[in-house]
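Step one of this worksheet: look at the structure below.
The values are calculated or read from the model by the stated rules, or taken from the named source; none is laboratory data. No experiment lies behind these values; they were computed from the predicted model shown. So basically every Cβ, Gly included, is an ideal-geometry build from the backbone, and we count neighbours across all protein chains shown. Surface accessibility is based on the protein's heavy atoms, side chains included, excluding ligands, DNA and RNA. Shrake-Rupley method; radii C 1.70, N 1.55, O 1.52, S 1.80 Å.
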Amino acid sequence: MSTARFGWRLPRVFAHRCGGALAPENTLAGLRIAARLGITAVEFDVMLSADGSPWLIHDETLERTTNGVGRVGSSSDAQLRALDAGIRRHPAFVGERVPTLAAAAAACRQLGLHANVEIKPAAGCEELTGSVVARQVQQLWAGTAQPLVSSFSEAALQAARAVAPTLTLGCLFERVPTDWRERLRRLGAATLHCDAGLVDDGVIAEARACDIPLLCYTVDDPVLASSLFVRGVAAVFSDRIDLVGDDEAADGRPADHHSGGSRR
Ligand code: G3P
Ligand code: MG
(Lines give C-alpha, C1' and ligand atoms only; values in the text may rest on other atoms or scores of the structure.)
(Ligands and ions follow the chains in the order given, each with its own letter.)
Protein backbone atom coordinates (compact mmCIF):
# COMPACT_ATOMS: atom_id res chain seq x y z
CA MET A 1 0.00 0.00 0.00
CA SER A 2 1.32 3.40 -0.82
CA THR A 3 1.55 6.05 1.85
CA ALA A 4 -0.32 8.32 -0.59
CA ARG A 5 -3.52 6.33 -0.15
CA PHE A 6 -3.11 6.20 3.59
CA GLY A 7 -1.17 9.32 4.47
CA TRP A 8 1.09 7.30 6.79
CA ARG A 9 2.87 3.98 6.82
CA LEU A 10 0.68 1.21 8.11
CA PRO A 11 2.47 -0.32 11.10
CA ARG A 12 2.33 -4.00 11.98
CA VAL A 13 0.87 -3.43 15.43
CA PHE A 14 -1.93 -1.19 16.69
CA ALA A 15 -2.46 -0.87 20.41
CA HIS A 16 -6.05 -2.01 20.95
CA ARG A 17 -8.36 0.38 22.84
CA CYS A 18 -5.45 2.85 23.33
CA GLY A 19 -3.05 0.94 25.55
CA GLY A 20 -4.37 -2.59 25.41
CA ALA A 21 -4.49 -4.38 28.75
CA LEU A 22 -1.80 -2.21 30.31
CA ALA A 23 -4.12 0.66 31.20
CA PRO A 24 -7.86 1.25 31.44
CA GLU A 25 -9.23 0.77 27.94
CA ASN A 26 -9.90 3.80 25.75
CA THR A 27 -8.05 6.26 27.99
CA LEU A 28 -5.28 8.81 27.61
CA ALA A 29 -3.22 6.78 30.08
CA GLY A 30 -3.31 3.98 27.52
CA LEU A 31 -2.09 6.29 24.78
CA ARG A 32 0.85 7.36 26.94
CA ILE A 33 1.80 3.75 27.65
CA ALA A 34 1.57 2.83 23.98
CA ALA A 35 3.87 5.69 23.05
CA ARG A 36 6.29 4.79 25.84
CA LEU A 37 6.52 1.22 24.48
CA GLY A 38 7.39 2.48 21.02
CA ILE A 39 4.01 1.69 19.49
CA THR A 40 3.25 4.07 16.61
CA ALA A 41 -0.47 3.50 16.08
CA VAL A 42 -3.47 3.03 18.34
CA GLU A 43 -7.07 1.95 17.90
CA PHE A 44 -9.94 3.30 20.00
CA ASP A 45 -13.73 3.17 20.05
CA VAL A 46 -15.93 6.25 19.74
CA MET A 47 -19.60 6.65 20.72
CA LEU A 48 -21.90 9.64 21.11
CA SER A 49 -23.17 11.09 24.39
CA ALA A 50 -26.73 12.34 24.88
CA ASP A 51 -25.38 15.76 23.84
CA GLY A 52 -24.17 14.28 20.55
CA SER A 53 -20.47 14.56 21.41
CA PRO A 54 -17.98 11.79 20.59
CA TRP A 55 -16.33 10.05 23.56
CA LEU A 56 -13.92 7.12 23.78
CA ILE A 57 -15.84 4.17 25.12
CA HIS A 58 -16.53 0.65 23.90
CA ASP A 59 -19.80 -0.48 25.49
CA GLU A 60 -23.22 1.11 25.12
CA THR A 61 -23.44 1.02 28.91
CA LEU A 62 -21.13 2.51 31.53
CA GLU A 63 -20.93 -0.23 34.13
CA ARG A 64 -18.09 -2.44 32.84
CA THR A 65 -15.46 0.25 32.38
CA THR A 66 -16.50 3.14 34.63
CA ASN A 67 -18.10 3.93 37.99
CA GLY A 68 -21.19 5.20 36.19
CA VAL A 69 -24.49 3.49 35.52
CA GLY A 70 -26.77 3.58 32.52
CA ARG A 71 -26.33 4.16 28.84
CA VAL A 72 -23.63 6.26 27.20
CA GLY A 73 -26.20 7.62 24.77
CA SER A 74 -28.40 8.76 27.67
CA SER A 75 -25.53 10.44 29.56
CA SER A 76 -24.72 14.12 29.15
CA ASP A 77 -21.22 15.40 28.49
CA ALA A 78 -21.10 16.67 32.07
CA GLN A 79 -21.99 13.22 33.41
CA LEU A 80 -19.36 11.47 31.26
CA ARG A 81 -16.73 14.03 32.23
CA ALA A 82 -17.24 13.16 35.92
CA LEU A 83 -16.71 9.41 35.51
CA ASP A 84 -13.73 7.39 36.72
CA ALA A 85 -12.49 4.99 34.05
CA GLY A 86 -9.83 3.39 36.21
CA ILE A 87 -11.50 2.47 39.43
CA ARG A 88 -13.41 -0.62 38.24
CA ARG A 89 -10.62 -2.68 36.73
CA HIS A 90 -7.31 -0.82 37.13
CA PRO A 91 -6.78 0.37 40.72
CA ALA A 92 -3.43 1.91 39.78
CA PHE A 93 -5.31 4.28 37.48
CA VAL A 94 -7.99 5.54 39.82
CA GLY A 95 -9.09 8.99 38.67
CA GLU A 96 -8.42 8.34 34.99
CA ARG A 97 -11.13 10.00 32.93
CA VAL A 98 -13.18 8.96 29.91
CA PRO A 99 -11.67 11.10 27.15
CA THR A 100 -13.45 12.98 24.42
CA LEU A 101 -12.41 12.38 20.84
CA ALA A 102 -10.94 15.88 20.91
CA ALA A 103 -8.75 15.02 23.91
CA ALA A 104 -7.61 11.81 22.26
CA ALA A 105 -6.74 13.64 19.05
CA ALA A 106 -4.66 16.16 20.98
CA ALA A 107 -2.86 13.39 22.86
CA CYS A 108 -2.15 11.45 19.65
CA ARG A 109 -0.72 14.56 18.09
CA GLN A 110 1.42 15.30 21.13
CA LEU A 111 2.66 11.71 21.43
CA GLY A 112 3.19 11.20 17.70
CA LEU A 113 0.65 8.38 17.45
CA HIS A 114 -1.34 7.48 14.37
CA ALA A 115 -4.92 6.52 15.03
CA ASN A 116 -7.55 4.06 13.93
CA VAL A 117 -10.81 5.60 15.07
CA GLU A 118 -13.45 2.90 15.34
CA ILE A 119 -16.96 4.32 15.04
CA LYS A 120 -18.92 2.39 17.65
CA PRO A 121 -22.51 3.55 17.32
CA ALA A 122 -25.18 2.72 19.84
CA ALA A 123 -27.97 0.77 18.19
CA GLY A 124 -30.17 3.11 16.18
CA CYS A 125 -27.53 5.89 16.09
CA GLU A 126 -25.44 4.55 13.23
CA GLU A 127 -25.80 7.40 10.71
CA LEU A 128 -25.55 10.19 13.27
CA THR A 129 -22.48 8.68 14.90
CA GLY A 130 -20.80 8.11 11.54
CA SER A 131 -21.32 11.65 10.36
CA VAL A 132 -20.42 13.37 13.66
CA VAL A 133 -17.25 11.32 14.10
CA ALA A 134 -16.14 11.79 10.50
CA ARG A 135 -16.68 15.54 10.67
CA GLN A 136 -14.76 15.83 13.95
CA VAL A 137 -11.94 13.61 12.70
CA GLN A 138 -11.43 15.89 9.73
CA GLN A 139 -11.36 18.97 11.96
CA LEU A 140 -9.27 17.54 14.79
CA TRP A 141 -6.62 16.04 12.54
CA ALA A 142 -6.60 18.94 10.04
CA GLY A 143 -3.13 19.65 8.72
CA THR A 144 -1.77 16.32 9.89
CA ALA A 145 -2.05 12.68 8.81
CA GLN A 146 -5.70 11.67 9.04
CA PRO A 147 -6.71 8.60 11.04
CA LEU A 148 -7.99 5.41 9.55
CA VAL A 149 -11.72 5.31 10.38
CA SER A 150 -13.36 1.91 10.71
CA SER A 151 -16.63 0.38 11.85
CA PHE A 152 -18.63 -2.81 11.98
CA SER A 153 -21.58 -0.64 10.92
CA GLU A 154 -21.89 -0.14 7.19
CA ALA A 155 -24.51 2.57 7.82
CA ALA A 156 -22.04 4.47 10.00
CA LEU A 157 -19.34 4.16 7.35
CA GLN A 158 -21.73 5.33 4.62
CA ALA A 159 -22.61 8.39 6.69
CA ALA A 160 -18.91 9.04 7.34
CA ARG A 161 -18.16 8.77 3.64
CA ALA A 162 -20.98 11.18 2.79
CA VAL A 163 -19.51 13.97 4.95
CA ALA A 164 -15.85 13.14 4.39
CA PRO A 165 -15.19 11.96 0.83
CA THR A 166 -11.42 11.75 1.32
CA LEU A 167 -11.36 9.91 4.64
CA THR A 168 -9.59 6.54 4.67
CA LEU A 169 -12.18 3.97 5.73
CA GLY A 170 -11.85 0.39 6.93
CA CYS A 171 -14.56 -2.28 7.02
CA LEU A 172 -14.72 -4.33 10.21
CA PHE A 173 -16.11 -7.85 10.31
CA GLU A 174 -15.98 -10.79 12.65
CA ARG A 175 -15.79 -13.39 9.85
CA VAL A 176 -15.19 -11.77 6.47
CA PRO A 177 -18.24 -12.22 4.20
CA THR A 178 -17.78 -13.57 0.69
CA ASP A 179 -18.89 -10.26 -0.85
CA TRP A 180 -16.34 -8.20 1.08
CA ARG A 181 -14.79 -6.71 -2.05
CA GLU A 182 -18.13 -5.32 -3.23
CA ARG A 183 -18.84 -3.91 0.25
CA LEU A 184 -15.46 -2.15 0.37
CA ARG A 185 -15.91 -0.88 -3.18
CA ARG A 186 -19.32 0.64 -2.37
CA LEU A 187 -17.82 2.56 0.54
CA GLY A 188 -14.54 3.40 -1.11
CA ALA A 189 -12.91 1.64 1.86
CA ALA A 190 -9.19 0.95 1.83
CA THR A 191 -8.72 -1.69 4.52
CA LEU A 192 -10.31 -4.94 5.64
CA HIS A 193 -10.43 -5.83 9.37
CA CYS A 194 -11.53 -9.11 10.94
CA ASP A 195 -11.26 -11.43 13.92
CA ALA A 196 -7.87 -13.16 13.91
CA GLY A 197 -9.52 -16.40 15.00
CA LEU A 198 -11.88 -16.40 12.02
CA VAL A 199 -9.53 -15.43 9.22
CA ASP A 200 -8.73 -17.99 6.54
CA ASP A 201 -6.06 -18.24 3.91
CA GLY A 202 -8.58 -17.72 1.09
CA VAL A 203 -9.46 -14.27 2.38
CA ILE A 204 -5.80 -13.45 2.98
CA ALA A 205 -4.97 -14.44 -0.61
CA GLU A 206 -7.88 -12.40 -2.01
CA ALA A 207 -6.87 -9.35 -0.02
CA ARG A 208 -3.28 -9.67 -1.17
CA ALA A 209 -4.39 -10.03 -4.79
CA CYS A 210 -6.41 -6.79 -4.47
CA ASP A 211 -3.64 -4.99 -2.58
CA ILE A 212 -6.05 -4.43 0.33
CA PRO A 213 -4.33 -4.50 3.74
CA LEU A 214 -5.93 -7.05 6.06
CA LEU A 215 -5.85 -6.15 9.78
CA CYS A 216 -6.75 -8.68 12.49
CA TYR A 217 -7.95 -8.29 16.07
CA THR A 218 -7.16 -9.12 18.84
CA VAL A 219 -3.74 -10.78 18.88
CA ASP A 220 -1.94 -11.04 22.22
CA ASP A 221 0.50 -13.85 21.44
CA PRO A 222 3.67 -12.87 19.57
CA VAL A 223 3.92 -16.33 18.00
CA LEU A 224 0.40 -15.99 16.60
CA ALA A 225 1.20 -12.47 15.39
CA SER A 226 4.28 -13.80 13.63
CA SER A 227 2.34 -16.56 11.90
CA LEU A 228 -0.35 -14.12 10.77
CA PHE A 229 2.29 -11.80 9.27
CA VAL A 230 3.90 -14.74 7.48
CA ARG A 231 0.49 -15.78 6.12
CA GLY A 232 -0.02 -12.28 4.73
CA VAL A 233 -1.89 -10.31 7.38
CA ALA A 234 -0.69 -6.71 7.24
CA ALA A 235 -1.26 -5.66 10.85
CA VAL A 236 -2.75 -6.76 14.16
CA PHE A 237 -4.53 -5.07 17.04
CA SER A 238 -3.13 -6.15 20.38
CA ASP A 239 -3.97 -5.82 24.06
CA ARG A 240 -0.45 -7.03 24.93
CA ILE A 241 1.70 -4.35 23.39
CA ASP A 242 4.36 -5.30 25.92
CA LEU A 243 4.64 -8.68 24.11
CA VAL A 244 3.54 -8.03 20.53
CA GLY A 245 5.77 -5.23 19.30
CA ASP A 246 6.26 -3.55 16.00
CA ASP A 247 9.64 -4.55 14.60
CA GLU A 248 9.19 -2.73 11.33
CA ALA A 249 6.52 -0.81 9.48
CA ALA A 250 4.49 -3.13 7.28
CA ASP A 251 3.50 -0.43 4.80
CA GLY A 252 0.44 -2.53 4.04
CA ARG A 253 2.45 -5.30 2.45
CA PRO A 254 2.63 -8.80 3.83
CA ALA A 255 6.01 -9.62 5.29
CA ASP A 256 7.40 -12.65 3.52
CA HIS A 257 10.64 -12.49 5.48
CA HIS A 258 9.35 -11.18 8.77
CA SER A 259 10.46 -13.15 11.81
CA GLY A 260 7.59 -12.13 14.05
CA GLY A 261 6.46 -9.61 16.60
CA SER A 262 9.18 -8.47 18.93
CA ARG A 263 9.26 -9.65 22.53
CA ARG A 264 9.65 -6.77 24.91
O1 G3P B 1 -11.03 -2.48 15.60
C2 G3P B 1 -10.67 -3.73 16.04
C3 G3P B 1 -11.39 -4.14 17.31
O4 G3P B 1 -11.33 -3.06 18.21
C5 G3P B 1 -12.82 -4.51 17.07
O6 G3P B 1 -13.40 -5.06 18.20
O7 G3P B 1 -14.98 -4.95 20.06
O8 G3P B 1 -12.60 -4.48 20.46
O9 G3P B 1 -14.00 -2.85 19.24
P10 G3P B 1 -13.75 -4.28 19.55
MG1 MG C 1 -12.52 -1.35 18.74
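Tabulated data for the structure shown
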{"read-out": "Hey, Asp77 farther than 24 Å from Gly232 by Cα, more than 16 Å from ligand 1 (Cβ to nearest atom) and charged (D, E, K, R) or not", "value": "yes"}
{"read-out": "So Leu62, is it touching a strand residue (DSSP E or B) at 6+ places or on another chain (Cβ under 6 Å) and either of a type in the set (Val, Ile, Thr) or at pLDDT 95 or above (or both)", "value": "no"}
{"read-out": "Which listed residue is more than 20 Å from Trp141 (Cα to Cα), part of a helix (DSSP H, G or I) and out of contact with any Ser or Thr (no Cβ under 9 Å at 6 or more places or on another chain), from Ala35, Ala92", "value": "Ala92"}
{"read-out": "Members of segment 22-37 that are open to solvent by 20 Å² or more (accessible area, probe 1.4 Å) and within 12 Å of ligand 1 (Cβ to nearest atom)", "value": "Glu25"}
{"read-out": "Residue check, Asp239 within 16 Å of ligand 2 (Cβ to nearest atom), charged (D, E, K, R) and at pLDDT 95 or above", "value": "yes"}
{"read-out": "Ala142 vs. criteria without any contact (Cβ under 8 Å) to a residue 60 or more places away in the chain, among the small types (Gly, Ala, Ser) and either part of a helix (DSSP H, G or I) or in contact with a Ser or Thr (Cβ under 6 Å, 6 or more places away or on another chain) (or both)", "value": "no"}
{"read-out": "Qualifying residue in segment 150-165 (condition: β-branched (Val, Ile, Thr) and open to solvent by 20 Å² or more (accessible area, probe 1.4 Å))", "value": "yes"}
{"read-out": "Test: residue in segment 79-95 that is surrounded by 22 or more Cβ atoms within 10 Å (Cβ to Cβ), of a type in the set (Phe, Trp, Tyr) and modelled with pLDDT of 95 or more", "value": "no"}
{"read-out": "Where a residue in segment 1-13 is more than 10 Å from Ala145 (Cα to Cα) and its partner, wherever it lies, is among the polar types (S, T, N, Q) and at pLDDT 90 or above, with Cβ under 6 Å and at least six apart", "value": "Pro11/Thr40; Val13/Ser238"}
{"read-out": "Filtered residues of segment 169-228 (kept if open to solvent by 20 Å² or more (accessible area, probe 1.4 Å) and part of a strand (DSSP E or B))", "value": "Asp195, Tyr217"}
{"read-out": "Yes/no for Ser131 being free of Cβ contacts under 8 Å to residues at least 40 places away in the same chain, among the hydroxyl-bearing types (Ser, Thr, Tyr) and buried (at least 16 other Cβ atoms within 10 Å of the Cβ)", "value": "yes"}
{"read-out": "Residue match in segment 38-59 (condition: closer than 28 Å to Phe229 by Cα, away from ligand 1 (no atom under 14 Å from the Cβ) and surrounded by fewer than 24 Cβ atoms within 10 Å (Cβ to Cβ))", "value": "yes"}
{"read-out": "Contacts under 9 angstrom Cβ, first residue in segment 57-83 being on the phi > 0 side of the Ramachandran plot, partner within 16 Å of ligand 1 (Cβ to nearest atom) and not in a loop (DSSP other than H, G, I, E, B), 6 or more apart", "value": "Gly70/Thr61"}
